[in-house]
Amino acid sequence: EMQKVGGTAAFIDAEHALDVQYASKLGVNVPELLISQPDTGEQALEIADALVRSGSIDMIVIDSVAALVPKAEIEGEMGDSLPGLQARLMSQALRKLTGTIKRTNCLVIFINQIRMMIEKQFGNPETTTGGNALKF
């Protein structure tokens with residue numbers, strides 16, 4: 001829709017799963033869409049920050065928060081416990097992005113996933129990845 005009204009859109013494909021043929025069928029002008037496939041969560045959020053700061057992008061879609069894996073986790077060993085790393089990354093990024101988004105009037109959409117908390121006995125067992133920063 002942003003492209004249809006003359007806006008410039010970017011898609012940060014952290015999942016490396018963008019189907020350009022399907023996107024085209026949905027009406028996305030793929031040749032005009034800025035696409036990035038970052039290797040780490042930090043890289044994805046730095047790209048988003050640079051695009052927002054440029055003032056030349058009207059909309060950024062980040063797919064998905066669950067795929068914004070911190071560099072320390074990627075470089076670590078299998079089974080390493082790094083609690084809260086992704087939540088801290090998201091919290092820091094949102095603190096940095098919020099003011100710039102307001103100044104540039106850029107729309108930023110974070111796609112997220114619902115996960116189940118197995119140990120939760122009472123209340124809603126559903127949660128989202130990336131901590132609470134996106135919820136506020």
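Please treat every number below as a calculation from the coordinates, not as lab data. Note that the structure is predicted; figures quoted are calculated from it, not measured. Reconstructed Cβ throughout: ideal geometry from the backbone, glycine too, with neighbour counts over all protein chains shown.
Points worth noting:
- On Cα atoms only, tilt of 85-104 relative to the major axis of the chain in degrees: 30 degrees
- The loop-placed GluC sites (Glu not before Pro) in region 38-136, going by DSSP, that have at most 15 neighbouring Cβ atoms within 10 Å of their Cβ come out as 77, 119.
- Pair residue 120, residue 80: separation of 7 Å Cα→Cβ label points (nm): 2.8 nm
- Label-point gap, in nm, between residue 29 and residue 96 - each point 7 angstrom along Cα→Cβ: 3.1 nm
- DSSP-defined beta bridges in region 3-135 - what % are antiparallel, rounded to 5: 20 percent
- Between 0 and 90°, nearest 10: helix 41-54 axis offset from the chain longest Cα axis: 30 degrees
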